[in-house]
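Comments concern the structure below.
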Amino acid sequence: MKNVALGAALLLASSSAFAGLISETGTFGTQGSSTDVPLGTLNSIISINGFDNSLGTLTGVDITVFAQIDAEGSSTNTTSVNGRASVVMQMQEAWQVTTAAANDYVFAGPSFNYLSDESSASGFGMAPGSTFNFALSSGELSASLTGVNIAAFNTGSAVDFNFLGLPSTFLSNGLESGTGDFVNNVATGSWGKVVVNYTYTANPTTSVSEPGSLAILALGLVGFAASRKKKA
């Protein structure tokens, strides 16, 4: 009878493990803003929490990085003759994200004409007193990082992602004749985001039915066995 009861107890006890997915996200700046993180030199760090090892065993790490640069401004012709205005955003250094946990990624290499606009395709179309408004944007750029070092996320410490670059926006003006002044305004800002997805195998859990349920089942088995013995 002990063997029958033990078998029933083992059937009611179960061990289970499952695969899990959690995400960590960090940002700086405001997407689309030219003033929230003003540039100059871009040097912004996003820190992402490492994996919580109490959840189980880390099996995979997927990293996606996002970035955007925007420039807005205006140029007003305050002279008495027609003029023109043009604007150009230069990348004087590579615009990139670096981390010790994966390969670096370059959003854009050095360029003297990364983004540009002008008051007119040719000629001097800005009449006296008129204003040329512009808005330059890289749009949202994104990439999945390669060469991910899973061990870097198992240390219990945060992992840093450093967004670097040296974008500069320049306004230039010309007049049809003579000399004069333009009033120029320009602002350049940046936004960035990092999304890290952790896949893991959760620690196994064991569930056992309540003792009362086991006792009822055991009694049922005893009764069943006694009945069969009596009939025999």
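Working from label points 7 Å from Cα in the Cα-to-Cβ sense, the Thr146 to Asn49 distance is 3.2 nm.
Compute the FRET efficiency between Ala19 and Ala94 as 1/(1 + (r/R0)^6), taking r as their Cβ-Cβ distance and R0 = 30 Å, and round to the nearest 0.05. Intermediate values should be presented prior to the final figure.
Working: r = 38 Å, r/R0 = 1.25.
That pair, Ala19 with Ala94, gives E of 0.20.
Can you tell me how the range 19-203 classifies by the Cα gyration tensor, rounded, prolate or oblate, using a/c under 1.5 as the rounded cut?
On the way: a/c = 4.06, a/b = 3.59, b/c = 1.13.
Here the range 19-203 falls in the prolate category.
Measuring from centroid to centroid over Cα atoms, what is the spacing of the range 23-87 and the range 135-205 in Å? Cα centroid to Cα centroid, the span is 4 Å.
Taking other residues whose beta carbon is less than 10 angstrom from the beta carbon of Phe132, and scoring Lys, Arg as +1 and Asp, Glu as -1, yields -1.
Extension gain, Glu176 to Ser33, is 48.1 nm, computed as 0.36 nm per intervening residue step minus the present C-alpha separation. Subtracting the Cα-Cα distance of Ser120 and Asp160 from their residue separation scaled by 0.36 nm leaves 10.0 nm. Extension gain, Thr199 to Asn103: 0.36 nm times the residue separation minus the Cα-Cα distance gives 32.6 nm. Shown for Phe132, Phe182, Phe66: other C-beta atoms within 10 Å of each C-beta, ranked fewest to most, produce the order Phe66, Phe182, Phe132.
Here, each number is a calculation from the coordinates, and none is a lab measurement. Computed from a predicted structure; not experimentally measured. Backbone-built Cβ (ideal geometry, glycine too); neighbour counts: all protein chains shown.
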